[in-house]
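This report concerns only the one structure given below.
The values are calculated or read from the model by the stated rules, or taken from the named source; none is laboratory data. Small disclaimer: the values here were computed from a predicted structure and weren't measured. Methodologically, a virtual Cβ is constructed for each residue, glycine included, from the backbone with ideal geometry; neighbour enumeration extends over all protein chains shown.
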Amino acid sequence: MFTEYKGLTVAQIATLRRSMKEAGAEYKVFKNTLVKIAAKGTPYEAAEDVLTGPTGLAFGYDDPVAAAKKVLEFAGKNDKLKVKSGIIDGKLYSTEEIKAVSKLPSKTVLLSILAGVFQAPATKLAVALNATVAQLAFALEAAKNKKTV
């Protein structure tokens, strides 16, 4: 994510960096010209228009949602940090889209929901098959008892 950090103190940026580190992310400040050179010829080149004025970059390595949440949480407490835009999987997102992404559950929660969705049909099938086998066993037992009487 690209942010404007103009007016933040060194202590405030250090606090932001600590909170980002907790989420497996980083907050760095680079010269805009170096970022433009590094982005040349990559999908990140689309962000060239954003690189004006003092720009800080937030990198979310494992979970982009967690990084977005941390930056927006800090920006909510400190009005001097402004989110300009962000890039997720090579696509440029506006500030509003980044805010929408930050409201998503974390990657681990989404994966557990997905695992539950995959597991539900298998569980239902196992219960149905078990019930059918149990009913067949009861029917055979009843037929056996009826013949012996």
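Where residues in segment 110-149 are of a type in the set (A, V, I, L, M, F, W, C), modelled with pLDDT of 75 or more and under 30 Å from Val65 (Cα atoms), which of them is nearest to the chain's Cα centre (by Cα)?
Among those that are of a type in the set (A, V, I, L, M, F, W, C), modelled with pLDDT of 75 or more and under 30 Å from Val65 (Cα atoms), it is Leu111.
Specify the residue that is surrounded by the most Cβ atoms within 10 Å (Cβ to Cβ); the eligible residues are those in segment 6-48 that are β-branched (Val, Ile, Thr) and assigned to a helix (DSSP H, G or I).
Among those residues, the one meeting the criterion is Val35.
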